[in-house]
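Trainee: Okay, here's the structure, questions in a sec.
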Amino acid sequence: MKIIIIGCGKVGVTVLKSLLSEGHDVVAIDQNPDVIEELSALYDAMCIVGNGADSDVLEEAGTSDAELVVAVTGVDELNMLSCFLARKLGAKHTIARIRNPEYNDKSLGFLKDQLELSMTLNPDLLAAEELYNMLRLPAALNIETFSGRNFEMIELKLRPDSPLDGMKLMEIRKKFDAKFLVCTVMRDEDIFIPNGNFVLKSGDRINITAQRTEAMKFFGMMGLNQKETRSVMIIGASRIAFYLAKHLLTAGCSVKIIDKDREICEKVSALLPQAIVIHGDGAKQEILLEEGLLDTDAFVTLTGMDEENILLAFFAASHNVPKVISKVNKPELMNIAQTLGIDSIISPIKIVSDIHTRYARALENSLGSSVETLYKLADGKAEALEFFANSEFEYCNIPLKELHINKNTLIGGIIRGRKNIIPNGDDIILPGDRVVIIAEGAKLKDLADIIDKQPRQ
């Protein structure tokens, strides 16, 4: 499938790498000749120097034959105009990155309709929503949501004294009276899609699927922290901080934001009068301590520098702040952060990349289901996907125990209307269900891809 990417900054390059790994024919457009020269040397993609809002450049890129055009420059207006022109030149689908809060209000729907955008993306808002979910459930390292946030996959790390240490998965559901399913286990650099005989060990990072109420019940039985987050300190008055603070203030939390740019502090303070905005250098330990670091429930680092975010998060964690989250976009720094004990990490670039990958797969699909949600796990070694099963899905109404599911593939949940099902062998998939699949080493495009067409005897 031919896909054009306009804007090759950090987001654009991440999307480009992801789409190339999916086997798509990708064209990259950027105004910086040095960027294009580097991309041409590194990737098997057509690379063009030019303005994505120039019709001549778009025609050179072959926009009329493009299935999808993605505009992710740093300028919202350029993204919108590029997508508008691409549609007029024949592109079938367009996605524009729009970050400005002023555009992400009531006018967004109007803009989307008038510009014929297939989708708009705001990485900052998406990251803030994910952060808010993590703060609502402090015991979780990360939370991925499915089907309009009605169903969740929650990541935990087993402590040295965890009651799950040394237990088989088949024993856990007997011992703990909660409806959940262990979907993945990350042990060191390896990821497992476990069966019932799999034995957990302290230090494992596990993903479970469950409803929020069942997850809370499980956490209580495990003795994990369920204290509600009431106060949050944020370092860096970024757009993500703005959106996150709005969510937290609406929920009745107290919010303190620290930033060393006076002008930005004044602007954020005017927009968020309920928040406490401090003009100061959050990298200075004495400022953090003076502003109440030791008394806060959660500490979130959202500066523009990954390294600074990691170091500040490490400082907070060393002072036993109950919940510490760091924004890290560089993949090579994520392992360093985890080595330092910072297990809750947010990556806006990864969020956007996952969404573009999911959208591209959905466009390719013409079978009996479609990809609704996609998350890459463990540096892309595994994926969690949500499929919509329509009436053409040929494996409906068959008990799961009678299906020959591919190796390293797991059905993590079935969402039927408002009912969430943690499946067992007797459950079936019905038309209209949303089905959560966890798969290692496979790029699923359709729900039927989970079935082994030639099962081993």
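The values are calculated or read from the model by the stated rules, or taken from the named source; none is laboratory data. Computed from a predicted structure; not experimentally measured. Please note: Cβ atoms are built from the backbone with ideal geometry, for glycine as well, and neighbour counts cover all protein chains shown. Note: accessible area is taken over every heavy atom of the protein model, side chains too, but ligands, DNA and RNA are not part of it. Shrake-Rupley method; radii C 1.70, N 1.55, O 1.52, S 1.80 Å.
Trainee: Determine the share of the chain's accessible area contributed by carbon and sulfur atoms, expressed in whole percent, with a 1.4 angstrom probe. Intermediate values should be presented prior to the final figure.
Mentor: On the way: 9910 of 20350 Å².
About 49 percent, which is the carbon plus sulfur part of the accessible surface.
Trainee: To the nearest Å, what is the center-to-center distance of region 1-71 and region 401-457, using C-alpha atoms only?
Mentor: 35
Trainee: For region 1-87, report the accessible area per residue in Å² (1.4 Å probe, heavy atoms, rounded to an integer). Let's see the in-between values first.
Mentor: Numbers: 3540 Å² over 87 residues.
On a per-residue basis, region 1-87 sits at 41 Å².
Trainee: Sticking with this structure for a sec: Of all trypsin sites (Lys or Arg not before Pro) in region 362-457, which ones are in loop regions per DSSP and have a Cβ with at most 16 other Cβ atoms within 10 Å? Kindly include the intermediate steps, with their values, before the conclusion.
Mentor: Working: sites: 376, 381, 401, 407, 416, 418, 419, 434, 443, 445, 453, 456; in loops: 381, 407, 418, 443, 445, 453, 456.
Those that pass, being in a loop and sparsely packed, are 381, 407, 418, 443, 453, 456.
Trainee: Normalized C-alpha radius of gyration of the chain, against 2.2 N^0.38 Å?
Mentor: 1.01
Trainee: Based solely on its DSSP helices, what 222 nm [θ] is calculated for the chain when runs of n ≥ 4 H residues each add -39,500 (n - 2.57) and the sum is averaged over all residues, nearest 500 deg cm²/dmol?
Mentor: Dividing the helical sum by the residues of the chain leaves -9500 deg cm²/dmol.
Trainee: In whole angstrom, note down how far apart the Cα centers of region 167-240 and region 297-334 are.
Mentor: So the separation of the two Cα centres works out to 21 Å.
Trainee: Give the relative contact order (percent, whole number) for region 22-125; include only Cα pairs under 8 Å separated by 6+ residues. Could you put the intermediate results ahead of the total?
Mentor: Working: 158 pairs, mean separation 20.4, N = 104.
Across region 22-125, relative contact order equals 20 percent.
Trainee: So, one more: Quick one: compute the contact order of region 346-457, relative version, from alpha carbon pairs under 8 angstrom and 6+ residues apart, as a percent.
Mentor: 30
Trainee: How much accessible area per residue does region 290-357 have, in Å², with a 1.4 Å probe?
Mentor: Values: 2570 Å² over 68 residues.
It amounts to 38 Å² per residue over region 290-357.
Trainee: If you count only protein heavy atoms with a 1.4 Å probe, what accessible area per residue comes out for region 367-457, rounded to a whole Å²?
Mentor: 49
Trainee: Could you compute the net charge surrounding residue 346? Neighbours are other residues with a C-beta less than 9 Å from the C-beta of residue 346; K and R count +1, D and E count -1. Walk me through the numbers on the way to the answer.
Mentor: Details: positive: 327, 350; negative: 130.
Within the 9 Å Cβ shell, the charges total +1.
Trainee: What is the log10 of I(q)/I(0) for region 70-221, computed with the Debye formula using one identical point scatterer on each Cα and no solvent, at q = 0.10, 0.19, 0.20 Å⁻¹?
Mentor: Cα-only, vacuum Debye calculation for region 70-221: -0.54, -1.04, -1.12.
Trainee: Just the number, please: percent antiparallel of the DSSP beta bridges in the chain, rounded to the nearest 5.
Mentor: Taking every DSSP beta bridge with both residues in the chain, the antiparallel ones total about 55 percent.
Trainee: What is the diffusion coefficient of region 286-326 in µm²/s, taking the Kirkwood radius over Cα pairs and the Stokes-Einstein relation at 37 °C with a viscosity of 0.692 mPa s?
Mentor: On the way: Rh = 10.1 Å.
Once the numbers are plugged in, D ends up at 324 µm²/s.
Trainee: Using a cut-off of 10 Å between beta-carbons, work out the net charge of the residues near residue 50 (Lys and Arg +1, Asp and Glu -1, residue 50 not included). Please list the in-between numbers first.
Mentor: Values: positive: none; negative: 30, 54, 56, 60.
Spelling it out: positives minus negatives among the neighbours equals -4.
Trainee: Related question: Does region 319-391 classify as rounded, prolate or oblate by the C-alpha gyration tensor (a ≥ b ≥ c root eigenvalues; a/c under 1.5 gives rounded; else a/b over b/c gives prolate, otherwise oblate)? List each step's numbers first, then the result.
Mentor: Working: a/c = 3.36, a/b = 2.60, b/c = 1.29.
Prolate.
Trainee: Please compare each pair in 260/376; 260/350; 174/201; 168/323; 17/92; 227/260 to a cut-off of 25 Å on the Cα-Cα distance and tell me which ones are over it.
Mentor: Values: 260/376 34 Å; 260/350 27 Å; 174/201 18 Å; 168/323 29 Å; 17/92 22 Å; 227/260 31 Å.
The pairs that break the limit, which is 25 Å between Cα atoms, are 260/376; 260/350; 168/323; 227/260.
Trainee: On to the next question. According to the square roots a ≥ b ≥ c of the eigenvalues of the Cα gyration tensor, what is the shape class of region 168-237, taking rounded for a/c under 1.5, prolate for a/b larger than b/c otherwise, and oblate for the remainder? Kindly include the intermediate steps, with their values, before the conclusion.
Mentor: On the way: a/c = 2.57, a/b = 1.45, b/c = 1.77.
Verdict is oblate for region 168-237.
Trainee: Quick check: residue separation of residue 49 and residue 426 times 0.36 nm, minus the Cα distance between them. What number comes out in nm?
Mentor: This chain segment gains 130.0 nm when fully extended.
Trainee: Classify region 1-65: rounded, prolate or oblate, from the alpha-carbon gyration tensor (a ≥ b ≥ c, eigenvalue square roots; a/c under 1.5 rounded; otherwise prolate if a/b is larger than b/c)? Please list the in-between numbers first.
Mentor: Details: a/c = 1.76, a/b = 1.14, b/c = 1.54.
Oblate.
Trainee: Let me ask something additional. Evaluate the charge dipole of the chain about its Cα centre and quote only its size in Debye, nearest 20, assuming +1 on the Cβ of each Lys and Arg and -1 on the Cβ of each Asp and Glu.
Mentor: Details: 51 positive and 66 negative charges, 355 e Å.
The calculated dipole for the chain is roughly 1700 debye.
Trainee: What net charge do the residues around residue 438 carry, taking every other residue with its C-beta under 12 Å from that of residue 438, with Lys and Arg at +1 and Asp and Glu at -1?
Mentor: Numbers: positive: 376, 381; negative: 144, 383, 386, 440.
Here the count lands on -2.
Trainee: Considering the alpha-carbon set of region 246-333 alone, what are its Rg and its Dmax in angstrom?
Mentor: Rg then Dmax for region 246-333, in Å: 13.1, 38.
Trainee: Can you pull out the GluC sites (Glu not before Pro) in region 181-268 whose DSSP state is coil and whose Cβ has at most 11 other Cβ atoms within 10 Å? Please list the in-between numbers first.
Mentor: Working: sites: 189, 214, 228, 263, 266; in loops: 189, 228.
Listed in order of number, the matching sites are 189.
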